[in-house]
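One structure below.
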Amino acid sequence: MATRVLPSPAVAGLEARPRARSRVARKLVAHPAAIAGALVLLAVAAAAAWAPYVAPHDPARQSLVRRFTPPAWAPGGTLAHPLGTDQVGRDVLSRIVYGARISLLVGVAAVAVSVVVGVTLGLVSGFAGGRVDVAIMTIVDVTLSFPQLLLALAFVAALGPSLVTIIVVLGLTGWERYARVVRAEVLALREKEFIEAARALGVGWGRMLLRHVLPNTLSSITVMSTLQVAQAILQEAALSFLGVGSGGTHPTWGQMIALGRDFVTVAWWLPTFPGLAILVTVLAINLVGDRLRDALDPRTT
Amino acid sequence: MTAFLLRRLVRFLVVCVGVSVVTFAILHASGDPVALIMPEAPKADRAVLRRALGLHDPLPVQFVRFVTHAARGDFGQSFFHREPAFRLVLERMPTTLTLTVLSLAFALAVALPVGVLSAVRRNSLLDQAATVAVFLGQSMPVFWTGIMLILLFAVHWRLLPVSGWTSWSSVVLPTVTLGAFSAPLLLRIVRSSMLEVIGLDYVRTARAKGVPERWVIWRHALTNAALPLVTVLGLQFGLLLGGAVITESVFAVPGVGRLIVGAIRQLDFPVVQAGVFLLAMIVVTVNFVVDLLYVYLNPQIRLR
């Protein structure tokens with residue numbers, strides 16, 4: 001699911017000629033860090049997709065005799081539980097594997113919500129202009145003035161914690177960047193003579209959109225949405241750390257860290273490994289996103 | 001310039017109204033807050049609470065009442081502490097602001113010198129190390145950073161307390177945690193705006209005049225490179241307050257963030273609203289002041 005991020009340079013290349021597309025591909029390949037990020041991302045996505053086959057144990061199975069088993073390499077550890085077990089004897093590795101599902105799902109879905117809302121409002125703002133434009137840009141100002149996490153926290157709590165609520169709330173607190181880019185592009189286009197000419201010839205707004213606005217903003221949107229997936233994963237983790245998680249039965253990384261915090265003096269591995277999972281996943285996305293930005297940014301070519 | 005200031009002032013006021021709308025909406029997002037607060041209560045009890053909270057009035061009436069009361073600092077009594085919600089928030093505000101300002105200072109103390117040096121010595125070992133650190137820092141969840149610091153400095157080496165906000169030593173870990181959250185972005189901004197500036201003609205002129213290199217970088221270049229940083233600092237403040245909410249929860253710091261998180265779990269809406277409103281107003285005001293500062297610092301706008 002997160003792997004869908006990868007083909008985007010090719011998609012963004014639609015706007016460019018074939019030669020430019022291969023240049024983007026070459027720029028991407030020339031950087032080992034980005035490649036490593038992509039591979040890690042692929043691995044995490046695969047682990048999430050085939051969690052029942054990847055996880056060595058049932059993530060919910062408890063075992064009182066195996067409580068607080070340390071990781072395999074520490075004294076007292078066993079290979080049966082490579083990353084140890086928690087306070088009720090559940091396998092930490094299996095829980096991390098299942099946790100990847102929620103993190104990736106929320107990350108990608110929240111960004112999808114943001115992109116749809118942002119692009120739509122950006123288009124409306126740019127094309128309608130006047131009062132509508134002022135109103136939408138005021139909404140942007142207002143959303144930017146709230147500590148994002150706090151707002152998400154308050155609304156998730158008021159609406160009742162669920163996966164859908166989290167996705168929608170995180171999606172609704174991150175759309176302003178897309179609205180700004182699309183709006184700016186529309187405003188710039190409205191000034192162009194060829195657009196006026198096209199309009200005089202009777203070309204409709206819909207066609208204008210598909211042919212001119214979206215292709216010109218696609219690379220910015222690709223880069224921004226990739227990087228936003230990373231942020232959304234961090235935000236989801238923060239929400240579930242603070243106890244307003246998805247409310248589901250499956251463990252999330254944030255919840256695991258919150259639980260681990262209570263046992264930090266006796267079982268260091270409990271908060272450490274889920275955090276490492278977040279760090280590695282988010283880092284991988286950031287590396288890919290950053291490289292995409294450099295590869296797609298016309299200023300550096 | 002007056003027109004510019006006036007426009008900013010209008011925007012400031014409009015955003016204030018917007019903040020009130022959103023804060024108001026928190027209570028009504030669920031449809032029926034009373035059902036949320038007391039799900040198993042008999043109908044008669046619910047009606048009493050509904051009347052007590054003024055929820056029987058039409059929404060616009062409620063909103064006007066909310067705004068007029070909020071303007072006077074009245075958000076109602078907390079459902080759980082027998083105290084006005086606003087006072088609860090105000091009492092904890094100094095702690096949160098101290099944490100935020102200290103963290104920002106710490107982040108700047110790291111980001112400014114390292115950012116400038118890595119721009120000046122581009123691709124040096126320092127620059128590469130800084131880039132790696134920025135990537136790692138931006139990918140770490142704040143609460144996890146905090147717990148890892150606890151693990152090392154409080155549990156393993158026993159140098160600092162695990163939590164609390166009583167002594168100077170207990171301030172260190174929360175400050176470093178929150179500072180590490182904001183330093184990567186600041187460092188990035190400093191480095192990139194520094195890189196932009198040191199390629200400009202006036203910097204070359206200064207060098208050609210024989211101005212010492214140290215003076216060129218820290219005086220001529222940095223003053224201009226700092227301009228984007230000022231804008232970002234305003235935006236950072238909101239992010240930092242959000243980060244403070246998490247940091248306070250990790251270290252059990254008695255600030256507004258921890259109060260709000262607790263209130264959200266208990267569905268103590270007056271406290272949630274008062275806290276969110278006050279924090280948002282601080283962010284709005286800080287950004288307004290930053291806008292003014294920007295005008296003052298930027299002669300291109302000031303002299304128009």
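The values are calculated or read from the model by the stated rules, or taken from the named source; none is laboratory data. Treat the numbers as computed from the prediction; the structure is a model and nothing was measured. Positions of Cβ are backbone-derived with ideal geometry, glycine not excepted, and every protein chain shown enters the neighbour counts.
Inspection of region A:213-230 identifies at least one residue that is at the interface with chain B (Cβ under 10 Å from one of its Cβ atoms) and either surrounded by fewer than 17 Cβ atoms within 10 Å (Cβ to Cβ) or not β-branched (Val, Ile, Thr) (or both). For region B:137-146, a residue qualifies if it is more than 7 Å from chain A (Cβ to nearest Cβ) and over 18 Å from A:Leu259 (Cα atoms), and exactly one does: B:Gly137.
Contact map, region B:210-227: residues that are closer than 15 Å to B:Ile189 by Cβ paired with residues that are part of a helix (DSSP H, G or I) and among the hydrophobic types (A, V, I, L, M, F, W, C), Cβ distance under 6 Å, separation 6+ or inter-chain. Pairs shown: B:Ala221/B:Val197; B:Ala221/B:Ile198; B:Ala221/B:Val203; B:Asn224/B:Val197; B:Ala225/B:Met194; B:Ala225/B:Val197.
Of note, B:Leu241 satisfies the criterion of being modelled with pLDDT under 95 and touching a Pro at 6+ places or on another chain (Cβ under 7 Å). Restricting attention to region B:17-31, which residues are within 9 Å of another protein chain (Cβ to nearest Cβ) and in contact with a helix residue (DSSP H, G or I) (Cβ under 6 Å, 6 or more places away or on another chain)? B:Gly18, B:Val19, B:Thr23, B:Ile26, B:Leu27, B:Ala29, B:Ser30, listed by residue number. Working only within region A:120-144, note down all residues that are among the charged types (D, E, K, R) and surrounded by 14 or more Cβ atoms within 10 Å (Cβ to Cβ). A:Asp133, A:Asp141, listed by residue number. A single member of B:Val10, B:Val67, B:Val34 is under 26 Å from B:Leu292 (Cβ atoms) and either within 14 Å of chain A (Cβ to nearest Cβ) or touching a Cys at 6+ places or on another chain (Cβ under 8 Å) (or both), and it is B:Val10.
Taken together, the criteria place A:Arg261 among residues that are closer than 29 Å to A:Arg66 by Cα, touching a helix residue (DSSP H, G or I) at 6+ places or on another chain (Cβ under 6 Å) and among the basic types (Lys, Arg). Taking helices (runs of 4 or more DSSP H) as the structural unit, those lying wholly within region A:185-301 and holding at least 3 residues that are of a type in the set (A, V, I, L, M, F, W, C) and without any contact (Cβ under 8 Å) to a residue 40 or more places away in the chain correspond to A:193-200.
Restricting A:Val203, A:Val186, A:Val213 to those that are under 23 Å from A:Ser114 (Cβ atoms), out of contact with any His (no Cβ under 6 Å at 6 or more places or on another chain), modelled with pLDDT under 85 and β-branched (Val, Ile, Thr) reduces the list to A:Val213. In this structure, does A:Ala238 turn out to be crowded, with 23+ Cβ neighbours inside 10 Å, over 15 Å from A:Val92 (Cβ atoms) and among the small types (Gly, Ala, Ser)? Yes: the conditions hold for A:Ala238. Applying the selection to region B:250-288, what residues are over 17 Å from the mean Cα position of the chain (by Cα), within 9 Å of chain A (Cβ to nearest Cβ) and surrounded by fewer than 24 Cβ atoms within 10 Å (Cβ to Cβ)? Selection gives B:Arg265, B:Leu267. Would you check if there is a residue in region A:109-119 being within 26 Å of A:Leu242 (Cβ to Cβ), within 14 Å of chain B (Cβ to nearest Cβ) and under 20 Å from the mean Cα position of the chain (by Cα)? No, there is no match, as no residue in region A:109-119 is within 26 Å of A:Leu242 (Cβ to Cβ), within 14 Å of chain B (Cβ to nearest Cβ) and under 20 Å from the mean Cα position of the chain (by Cα). Condition test on B:Ser192, is it more than 30 Å from A:Phe241 (Cβ to Cβ), within 27 Å of the chain's Cα centre (by Cα) and at pLDDT 90 or above? It is true that B:Ser192 is more than 30 Å from A:Phe241 (Cβ to Cβ), within 27 Å of the chain's Cα centre (by Cα) and at pLDDT 90 or above.
Within region A:143-175, the set of residues being closer than 16 Å to A:Val115 by Cα and either facing another protein chain (nearest Cβ under 7 Å) or of a type in the set (Ser, Thr, Tyr) (or both) comprises A:Thr143, A:Thr173. Going residue by residue through region A:159-173, is there one that turns out to be of a type in the set (Val, Ile, Thr), more than 28 Å from B:His28 (Cα to Cα), in contact with a helix residue (DSSP H, G or I) (Cβ under 6 Å, 6 or more places away or on another chain) and crowded, with 21+ Cβ neighbours inside 10 Å? The answer is no; no qualifying residue exists. Just one of the numbered conditions (1) of a type outside the set (S, T, N, Q); (2) facing chain A (nearest Cβ under 8 Å); (3) under 24 Å from B:Thr95 (Cα atoms) is not true of B:Leu149: (2).
The number of residues in region B:152-189 that are part of a loop (DSSP other than H, G, I, E, B) and more than 14 Å from chain A (Cβ to nearest Cβ) comes to 5.
What is the number of the single condition among (1) touching a residue at least 12 places away in the same chain (Cβ under 8 Å); (2) not in a helix (DSSP H, G or I) that A:Ala179 does not meet? Result: A:Ala179 passes all but (2).
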